[in-house]
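Rule-based calculations on the coordinates, nothing more; no lab input. None of the values given here were measured: they were computed from a predicted structure. Here the Cβ positions follow ideal geometry from the backbone for every residue, glycine too, while neighbour counts run over all protein chains shown.
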Amino acid sequence: MTVAGEAPYDVLVGTGLLGELPGLLGERVQRVLVVHPRALAATGEAVRDDLAAAGYEAYVAEVPDGEDAKRAEVAAFCWGVLGQAGFTRTDAVVGVGGGAVTDLAGFVAATWLRGVKVVQVPTTLLAMVDAAVGGKTGINTKEGKNLVGSFHPPAGVLCDLAALRTLPVNDLVAGMAEVVKCGFIADPRILELVEADPAAVRDAGAPVIRELVERAVQVKADVVGQDLRESGLREILNYGHTLGHAIELVERYEWRHGAAVSIGMVYVAELARLAGRLDDVVVDRHRSVLGAVGLPLTYRGDRWPQLLEGMKRDKKTRGDLLRFVVLDDVARPSRLEGPDPSLMAAAYSAISA
Ligand SMILES: NC(=O)c1ccc[n+]([C@@H]2O[C@H](COP(=O)([O-])OP(=O)(O)OC[C@H]3O[C@@H](n4cnc5c(N)ncnc54)[C@H](O)[C@@H]3O)[C@@H](O)[C@H]2O)c1
Ligand SMILES: O=C(O)C(=O)C[C@@H](O)[C@H](O)[C@H](O)COP(=O)(O)O
Ligand SMILES: [Zn+2]
């Protein structure tokens, strides 16, 4: 499918797609840096070798696994490789990995010479349906998630479903949180598919995975195609992330993003219920769908002050005004601005373990 915008690009979903990479890189590219995590060293090197065989001057930058990749020091390491190899504005970066690496690779591409091309090759479910698509790039700081970054859309995205075969089940399940998010904010068919066979969605080889990926990517593409820079509509993709990112911060980035977002969605559903915006049936559906997939629904009850502090740094906050994406119903996202502190605390009590 194609993502609309100033420079439209394709997101390819299928198996055995790596041969499409030169086509997505386009005509003038001479040098390519493949950024990959340590866990995917063999894949990263194979992509580098394929590119070299196709005539590119190809390099690799091996970076740490998971959130450890999203640090300024790691971006600086990648800039060093680009500088040493003499990358110019017609050269390119390829991100091969999960969302942490595609966020980093996108950020490195966005900042090198003020912007060079990036093609994303996501290898986790979460990166396929969310992180690699849409051009949000970034790194963390000790104060919060993704606090440094830019909007830098890729030139193309290759979702090769074969990569999911080696993904640990807990990472597959974490990716399902963003898939379910797309179900709640825009495409209820996703919820029906998950509800019909929750066990299947924990199996990377199940046929339903492809439809779920395609549907979630379509939701994301529709949104970012209209609002790349998050001036309004795009905020709906942040459903569950206000508390979710605060949990990640409190947990020192040791939690999976999807697990934190799952709790964040249950929290904000409870908040919407308490604000009189969402009925019990939809709130309960959050718990049943996310729980059936194996995602967490509760969080420790003794962390409210830290979480509140973390939520103040959410990018949807304006001045002192906390803002949440809430649902008025399934597929009817809306905003809740500056909720009463007692309401926010009560919603926290409702999700406390
Ligand atoms: N830019 C966006 O729009 C956006 C959207 C959603 C999430 N994100 C970001 O994405 C990150 C989470 O991404 P994630 O869930 O993919 O986690 P991740 O990138 O941390 O990957 C999880 C683990 O799986 C390993 N891995 C990756 N592919 C593998 C494979 N095929 N087989 C075996 N192991 C593999 C990684 O090395 C890592 O250890 C967070 O930093 C989040 O903030 C960004
Ligand atoms: O693409 C978006 O926009 C999103 O909000 C998708 C989220 O799933 C993703 O985690 C994103 O990185 C969060 O962005 P942030 O602006 O809240 O840091
Ligand atoms: Zn997310």
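Ranked by the mean number of other Cβ atoms within 10 Å of their residues, highest first, the peptides 152-162, 306-316 come out as 152-162, 306-316.
Our note on the geometry: Cα centres of the stretch 316-344 and the stretch 98-168, 27 Å apart.
To the nearest ten degrees, helix 280-293 and the longest principal axis of the Cα atoms of the chain are 40 degrees apart. The angle between the Cα long axis of helix 341-351 and the main principal axis of the chain comes to about 80°, on a 0 to 90 degree scale. Hey, how many Å between the Cα centroid of the stretch 61-94 and the Cα centroid of the stretch 217-264? Taking the Cα centre of the stretch 217-264 as reference, the centre of the stretch 61-94 is 24 Å away. Ordering L307, A61, L278 by Cα displacement along the dipole of the chain toward the positive end leaves L307 in first place; charges were set at the Cβ atoms of Lys, Arg (+1) and Asp, Glu (-1).
Among P207, P188, P333, the largest mean-square fluctuation in a Gaussian network model of the chain (Cα springs under 10 Å) belongs to P207.
Among 144-150, 347-353, 235-241, 114-120, the peptide with the highest mean count of other Cβ atoms within 10 Å heads the list, and the full ranking is 235-241, 114-120, 144-150, 347-353.
Once the Cβ-Cβ distance between E214 and D50 is put in as r, and R0 is 35 Å, what FRET efficiency do you end up with, to the nearest 0.05? Walk me through the intermediate numbers first.
Working: r = 25 Å, r/R0 = 0.73.
Given R0 = 35 Å and the Cβ-Cβ separation, E is 0.85.
Given their separation in residues at 0.36 nm each and the Cα-Cα distance between them, A42 and D222 gain 61.4 nm when the chain is fully extended. Looking at the chain, the DSSP beta bridges with both ends there are about 35 percent antiparallel.
Order the peptides 250-263, 42-55 from the highest to the lowest mean number of other Cβ atoms within 10 Å of their residues.
250-263, 42-55
Only helical DSSP H runs with n ≥ 4 go in: add -39500 (n - 2.57) per run for the chain, normalise by residue count and round the 222 nm mean residue ellipticity to 500 deg cm²/dmol.
Details: 12 runs with 152 residues, N = 353.
Mean residue ellipticity, 222 nm, calculated: -13500 deg cm²/dmol.
Scalar couplings 3J(HN,Hα) for the stretch 4-16, obtained by applying the Karplus form with A = 6.51, B = -1.76, C = 1.60 to θ = phi - 60°, are 6, x, 4, 10, x, 9, 9, 10, 9, 10, x, 10, x Hz; x denotes Gly and Pro.
So if R0 is 22 Å, what FRET efficiency would D203 and N170 give, r being the distance between their Cβ atoms, rounded to the nearest 0.05? The calculated FRET efficiency here is 0.95.
Using 0.36 nm per residue and subtracting the Cα-Cα separation, the extra length available between A350 and Q30 on full extension is 109.7 nm. Backbone phi angles across the stretch 161-168, fed through the Karplus curve with coefficients 6.51, -1.76 and 1.60 (θ = phi - 60°), yield HN-Hα couplings of 4, 4, 4, 5, 4, 9, 6, x Hz in residue order; Gly and Pro are listed as x. If the viscosity is 0.890 mPa s and the temperature 25 °C, what Stokes-Einstein diffusion coefficient in µm²/s follows for the chain when Rh is the Kirkwood radius over Cα pairs? Estimated diffusion coefficient is 121 µm²/s. Stretched out straight at 0.36 nm per residue, the stretch from Q84 to D302 would grow longer than its current Cα-Cα span by 73.6 nm.
A Cβ-based charge dipole, computed about the Cα centre of the chain with Lys and Arg at +1 and Asp and Glu at -1, lands at about 700 debye. Across the stretch 32-37, coupling constants 3J(HN,Hα) worked out from phi with the 6.51/-1.76/1.60 Karplus curve, θ = phi - 60°, read 9, 9, 8, 9, 9, x Hz, and Gly and Pro carry x.
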